[in-house]
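J.: Quick one: the structure is below, and I'll ask about it shortly.
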Amino acid sequence: MMLTDMVKRLMESGSVGIITHIQPDGDALGSASALGLALERLGKKVVIFKNDKPPKKYSFLPGAHLVVDCKGPANRVETLAVLDCADLDRLGDGIQHYEKAGTVLNIDHHISNTMFGNMNMVDTNAAATGELVYQMIKLMGIELNVDIAECIYTAIAADTGCFKYDNTTSVTHGIAGELISIGVESNRICSQIFSLRTLQQTKMLGRAIDSIKTYHCGRTAIMTVTANVMQETGCGQEDLEGIVEFARDIEGVEVAALLRETDGGDIKVGLRSKEYADTAAIAAVFGGGGHRKASGCTIHAPMEKAVTQLIEEIRKSYG
Ligand SMILES: [Mn+2]
């Protein structure tokens, strides 16, 4: 499938719905807003179906006037663009719009995508779905304005860790360069989505860093956060985003993990590696998964036992 065919389909559609995955991230939200604003400029009737509450740090994104709750009534749209969503489970309550839609366009960059669309464009070389949306908007012949550029920039910056992760290519930088020349303030967006923390989140970061223990001659770093600490700091799960990277970034560390005790007593684990270790394989032992350098799983055991089990699997992964 070519993006040109998808763009042709969108140009022929009077009404277009846009939806992304549950627990939306910057790529999902930025891509949806960018495509929505572009289609609006073409005179299309556009709605963005909001799936879950977006993280507050993305509330600056333009295009809020297009957003409706995905739990609302499913009015049939001629074409539904599903963005950054690997499979239908990830649509949550949005599945009703998928079932009612005329043509479904599946636009994504996850290797695990199940090709659920009538038209599928899954490009695993794209650093972000935002790169694909950028290309689509170009094919529509729309001149980018600052609002659309900001959405695309946010999408790409979010999925590349502000151009640090190894999915970042010369294409990524090329697009980013053009967006900056249009007027995107790169420093403001990158600070907003990666550095900005509430006081509570900063206190939590302190507690998590304080908990770090290293194993395997310093190659493994483990952070633990108990349900008690969550309560004391007043933090929720979303407040822990990115914290594990402080453990990974320690000199000499290859694998880092953050273990969080849930109210139910299970342990949620986030794993990161620096260069070579396959954290997806480690997570898979516990029924989880993800990417090579970033993955997650749940361990059904008390904290101490979970740590013991996890460091044993991490040790095995060093061979
Ligand atoms: Mn993405």
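J.: Please give the charge dipole size of the chain, origin at the Cα centre, charges +1 on K and R Cβ atoms and -1 on D and E Cβ atoms. Round to the nearest 20 debye. Don't skip to the end; give the middle numbers.
T.: On the way: 31 positive and 40 negative charges, 37 e Å.
For this selection, approximately 180 debye.
J.: Kirkwood hydrodynamic radius of the stretch 234-319 from all distinct Cα pairs, in Å? Provide the component values of the computation, followed by the final result.
T.: Details: mean 1/r = 0.0775 Å⁻¹.
The Cα-based Kirkwood calculation yields 12.9 Å.
J.: Short version: ³J(HN,Hα) in whole Hz for each residue of the stretch 35-50, in order, from phi by Karplus 6.51 cos²θ - 1.76 cosθ + 1.60 (θ = phi - 60°), x for Gly and Pro, what are they?
T.: 5, x, 5, 5, 5, 4, 5, 7, x, 7, 7, 10, 10, 9, 7, 7
J.: Could you check how many percent of all C-alpha pairs in the stretch 35-167 are farther apart than 25 Å?
T.: Working: 2023 of 8778 pairs.
So the pairs more than 25 Å apart make up 23 percent of the total in the stretch 35-167.
J.: Compute the relative contact order of the chain as a whole-number percentage, counting only Cα pairs closer than 8 Å that sit 6 or more residues apart in sequence.
T.: Numbers: 614 pairs, mean separation 37.3, N = 319.
After rounding, I find 12 percent.
J.: Ok, one more. Between ALA284 and PHE163, with labels modelled 7 Å along Cα→Cβ, what's the label distance in nm to one decimal, could you check?
T.: Computed distance between label sites ALA284 and PHE163 equals 3.4 nm.
J.: Within the chain, what's the longest run with no GluC sites (Glu not before Pro) in a DSSP loop and at most 16 other beta-carbon atoms within 10 Å? Give the range, please.
T.: Details: sites that count: GLU143, GLU185, GLU241, GLU251, GLU275.
Looking at the chain, 1-142 is the longest stretch - no exposed GluC sites (Glu not before Pro) with at most 16 other Cβ atoms within 10 Å.
J.: Averaging the inverse of every distinct alpha carbon separation and then flipping it gives the Kirkwood radius. What is it for the stretch 114-189, in angstrom units?
T.: On the way: mean 1/r = 0.0778 Å⁻¹.
Answer for the stretch 114-189: a Kirkwood hydrodynamic radius of 12.9 Å.
J.: Return the subset of LYS56/LYS138; LYS50/LYS293; LYS164/LYS203; LYS164/LYS268; LYS71/LYS100; LYS50/LYS164 for which the Cα-Cα distance in this structure is over 18 Å, preserving the input order. Working shown, then result.
T.: On the way: LYS56/LYS138 29 Å; LYS50/LYS293 29 Å; LYS164/LYS203 26 Å; LYS164/LYS268 26 Å; LYS71/LYS100 13 Å; LYS50/LYS164 29 Å.
Cα-Cα > 18 Å for LYS56/LYS138; LYS50/LYS293; LYS164/LYS203; LYS164/LYS268; LYS50/LYS164; rest within.
J.: Along each of its three principal axes, how wide is the spread of alpha-carbon positions in the stretch 154-220, in whole angstrom units, largest first?
T.: 45, 31, 13
J.: Collect residues whose amide H, placed 1.01 Å from N in the peptide plane, falls under 5 Å from the amide H of GLU241; neighbours closer than 5 in sequence don't count.
T.: Residues meeting the criterion, in which the H sits 1.01 Å from N, do not exist here.
J.: Between ASN125 and LEU199, what is the FRET efficiency for a Förster distance of 45 Å, r being their Cβ-Cβ separation, to the nearest 0.05? Walk me through the intermediate numbers first.
T.: Numbers: r = 40 Å, r/R0 = 0.89.
E(calc), rounded to 0.05, equals 0.65.
J.: Round to the nearest 10 and give me the degree value, 0 to 90, for the angle of helix 146-160's Cα axis relative to the longest principal axis of the chain.
T.: 30
J.: Dividing the alpha-carbon Rg of the chain by 2.2 N^0.38 Å yields what? It would help to have the intermediate numbers written out before the result.
T.: Details: Rg = 20.4 Å, N = 319, 2.2 N^0.38 = 19.7 Å.
This ratio for the chain stands at 1.04.
J.: Report the chymotrypsin sites (Phe, Trp or Tyr not before Pro) located in the stretch 57-107 that are in a DSSP loop and have at most 16 other Cβ atoms inside 10 Å of their Cβ, or state none.
T.: Working: sites: TYR58, PHE60, TYR98; in loops: PHE60.
Sparse-neighbourhood loop chymotrypsin sites (Phe, Trp or Tyr not before Pro): PHE60.
J.: May I ask for the Rg/Rh ratio of the stretch 185-235, computed from Cα atoms with Rh as the Kirkwood radius, given to two decimals? Display every interim value, and only then the final one.
T.: Details: Rg = 14.4 Å, Rh = 12.8 Å.
Looking at the stretch 185-235, the ratio lands at 1.13.
J.: Let me ask something else about it. What part of the accessible area of the chain, given as a whole %, is carbon or sulfur when the probe is 1.4 angstrom? Can you show the working numbers first?
T.: On the way: 7370 of 14780 Å².
Of the solvent-accessible surface of the chain, carbon and sulfur hold 50 percent.
The values are calculated or read from the model by the stated rules, or taken from the named source; none is laboratory data. What you see is a predicted model; the values in this text were computed from it and never measured. Note that each Cβ is placed from the backbone with ideal geometry, even for glycine, and that neighbours are counted across all protein chains shown. The accessibility values were calculated without ligands, DNA or RNA, using every heavy atom of the protein model including side chains. Shrake-Rupley method; radii C 1.70, N 1.55, O 1.52, S 1.80 Å.
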